[in-house]
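The values are calculated or read from the model by the stated rules, or taken from the named source; none is laboratory data. All of these numbers come straight from a predicted model, not from anything done at the bench. Every residue, glycine as well, gets a Cβ built from its backbone with ideal geometry; the counts of neighbours run over all protein chains shown. Heavy atoms of the whole protein, side chains included, go into the accessibility calculation; ligands, DNA and RNA do not. Shrake-Rupley method; radii C 1.70, N 1.55, O 1.52, S 1.80 Å.
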Amino acid sequence: EAEHDGRYELILDLSATERFVDGRNDLNRCRLIVRGDGEELLRREFSREEGKSFRFEFDRDWKAGPHVLTVEVQPLTPDEKQVRSLSIRIRSATLRGPMDPRFWVRPPDYTRFFPRAVPDDVEGRRSYARELIGPFAERAFRRPVDDATKDRLVDLAETVWSDEGRTFEAGVAQAMTAVLASPRFLFREEAVEDDPKSRHPLVDEYALASRLSYFLWSTMPDDELIRLAGAHKLRAGLSAQVDRMLADRRSAQFFRNFVGQWLQARDVEAVVINAAVVMARDQKPDPEADAQRKRLRALFRKKPEELTKDEQKELNEARARFFGASRRFKEFELTGDLRRAMRRETEMYFEHVIREDRPLVELLDGDYTFLNERLAKVYGVEGVRGDSMRRVTLPKDSPRGGLLTQGTVLTVTSNPDRTSPVKRGLFILDNILGSPPAPPPPNLPSLEESGARASGKTPSVRELMVLHRESPTCFGCHARMDPLGLAFENFNALGRWRDNERGAPVDASGTLLTGETFRRVGELKKALVANHRLEFHRCLTEKLLTYALGRGLEAYDVETVDSIVGHLESNEGRASALIAGIIESAPFQRRRRSTTTATKLTAPDARRASHPSEQRTRR
């Protein structure tokens, strides 16, 4: 229905998909004809399309009133055997117009960007453009913008809107595009306080505002931070601003992003775990089933043309038997909802410790966690109903508690088909104790290759590790990693508790290189809390300082880490002492002076820091 006489634009969006059946490739074609008021607008043939999208546009002069659009499909191969399906899907038919400017309407949210009418005179337009572009540039650059920069942006906008057929709005949009393409937006350029005698001056308060906001919010500073920086009051009121920022909902990005980086929690949503193979490993050995799987793998490795008819039949039967047996483990799969619940558990646990200013060693061991019904079922915790995540006090005999026994950590440190004590031990050394081993030497045999020396039965993971350590080359590092990783063997690769592996009881006992012995994972966690608190504080300080600075730590940062850890130890290991120590530290508050860097940032062509450590990219 056309409301007015005039020029209209008709847009037709469609897709074409051809589905193959039984691997056949018989010809299948059709012709699509589109008409408007009986006049043919489009005639096109389609064949062998693979989900392609098509967009057709037609300009029509129409009178006010009803108009008829018809679409006709003509099969061109009706006599061919129909072994595949060619589908034409009309996604939308859009009528836009009339195109006469007197019928134009403002798009949604227009007044948000252009709050008043556009002036007709040149000076009025330039003034209005400056009024719009100036605050936008200051927001994007996270600091005041000098008049020369504003003038150049307005000149750019005027050049665009002065072209025939271009609008004032298009000119302002082009200027804003230039702002967003500027290094001053893409990089965090930092000026310093005017202190010529200091080799490591304080960053100015606008730079401090950016460092704070990207640390705690993962985004640019808000109006309050910019206002305090402009009044030179941010550094004096730093503690109050940190409290405000952590109370703000935007701080959720800090907890999500840091936990995702430190504990690899973000990987849980994509990690590949074969639930059927993992759960089958926890059952009693079945030599017949093992032989069938071995035969199936051998047939799979053959090229299809090399298979005899009997082998092809055997392969089909084995495949059907294998997938039929796998269905009984379907309930154990890591679904999207379960993966998201695991990640939220880790994020919420860390967030709780920080917000409640708890001792940081509570991250290693606690009597509570955060669950919903789906995750509680995996953990064997009763009484939790619904999809919402909430704090749950764990039973006294629960092996859970702390980050290390959460599904997130247990799955991302596993192999697709089994647990990996090496990965789990390395994870603890690297992310909890801060003492990762040296990289492994080349050409080492895999764990499975070491297991080939076992005779008479399929070895457990612990037995594989014993065989692997027989090599002198492997022993040094594995003596540190293996006890830590094997302590978590009661948790399979899906993060579920198990008492047996391949029909034999799981042995999770061990002795650390520092002498502590344990029989189960709970005793290991208590040993880490009681005897390795200082290593954990230092490691967490290094991880969080790396995150806050947006760069790796160097040798000259050791003194800073020592100072923060000392402050943390003297404050009962509270979370607030760690946050405050990092924000008040020299690397966070200061920067190296460069003779090529202007003290005040003005025009965009002001020379930028030449040292890589002085150009801090946005996270």
#### Entry: Mean residue ellipticity (222 nm) of the chain, computed from DSSP H runs ≥ 4 via -39,500 (n - 2.57), nearest 500
-13000 deg cm²/dmol
### Message
With the cut-off at 26 Å, tell me which of the pairs LYS302/LYS423; LYS423/LYS525; LYS330/LYS377; LYS294/LYS330; LYS197/LYS233 have Cα atoms farther apart than that.
### Response
LYS302/LYS423
### Summary
At the level of C-alpha centres, the distance separating region 491-528 and region 66-133, in angstrom, is 63
### Summary
Interchain or sequence-distant (5+) residues whose placed amide H lies within less than 5 Å of the amide H of ARG29 are LEU76, THR77
### Query
Of the GluC sites (Glu not before Pro) in region 467-576, which ones lie in a loop per DSSP and count no more than 13 other C-beta atoms within 10 Å?
GLU470, GLU554, GLU572
### Query
Which whole-angstrom value gives the distance between the alpha carbon centres of region 174-253 and region 365-415?
38
### Query
Going by a ≥ b ≥ c, the root eigenvalues of the Cα gyration tensor, does the chain fall in the rounded group (a/c under 1.5), the prolate group (a/b larger than b/c) or the oblate group?
oblate
### Summary
The answer for TYR368, listing residues at least 5 apart or on another chain whose modeled amide H is closer than 5 Å to its amide H, is LEU394, GLY402
### Query
Which of the trypsin sites (Lys or Arg not before Pro) across region 244-311 are loop residues per DSSP, with 15 or fewer other Cβ within 10 Å?
LYS302
### Query
Using 0.36 nm per residue, how much length does the chain from SER563 to THR517 gain when fully extended, once their Cα-Cα distance is taken away?
13.4 nm
### Probe 1.4 Å, accessible area per residue of the chain, Å²
53
### Message
Leaving out ligands, DNA and RNA, and with a 1.4 Å probe, what % of the accessible surface on the chain is carbon or sulfur?
### Response
50
### Query
What ranking of MET348, MET342 comes out by heavy-atom accessible area, probe 1.4 Å, highest first?
MET348, MET342
### Query
Debye sum, Cα scatterers, region 236-314, no solvent: what log₁₀ I/I(0) at q = 0.25 1/Å?
-1.13
### Summary
Restricting to Cα pairs under 8 Å and 6 or more apart, the percent relative contact order of the chain works out to 13
#### Entry: Cleavage-rule hits, trypsin sites (Lys or Arg not before Pro), region 364-412, DSSP coil, Cβ neighbours within 10 Å at most 13
ARG385, LYS396
#### Entry: Amide H contacts of VAL192 (H built 1.01 Å from N, under 5 Å, at least 5 apart or other chain)
ASP204
### Message
Please compute the modelled spin-label separation between GLU164 and ARG152, points set 7 Å along Cα→Cβ, answer in nm with one decimal.
### Response
3.1
### Query
Efficiency by 1/(1 + (r/R0)^6): what FRET value for THR335 and GLU80, r their Cβ-Cβ distance, R0 = 45 Å, to the nearest 0.05?
0.60
### Query
Going by accessible area, probe 1.4 Å, with all protein chains left in place, what is the ranking of TRP497, TRP104, TRP161, largest first?
TRP104, TRP497, TRP161
### Message
I need the phi-derived Karplus couplings for region 547-563: 6.51 cos²θ - 1.76 cosθ + 1.60, θ = phi - 60°, integer Hz, Gly and Pro marked x.
### Response
5, 5, 7, x, 8, x, 7, 10, 4, 6, 8, 4, 4, 5, 4, 4, 5
### Message
Modelling each spin label as a point 7 Å along the Cα-to-Cβ direction, I'd like the ARG55/ARG321 distance in nm, to one decimal.
### Response
5.5
### Query
Sorted by accessible area with a 1.4 angstrom probe, largest first, how do VAL565, VAL422 fall?
VAL422, VAL565
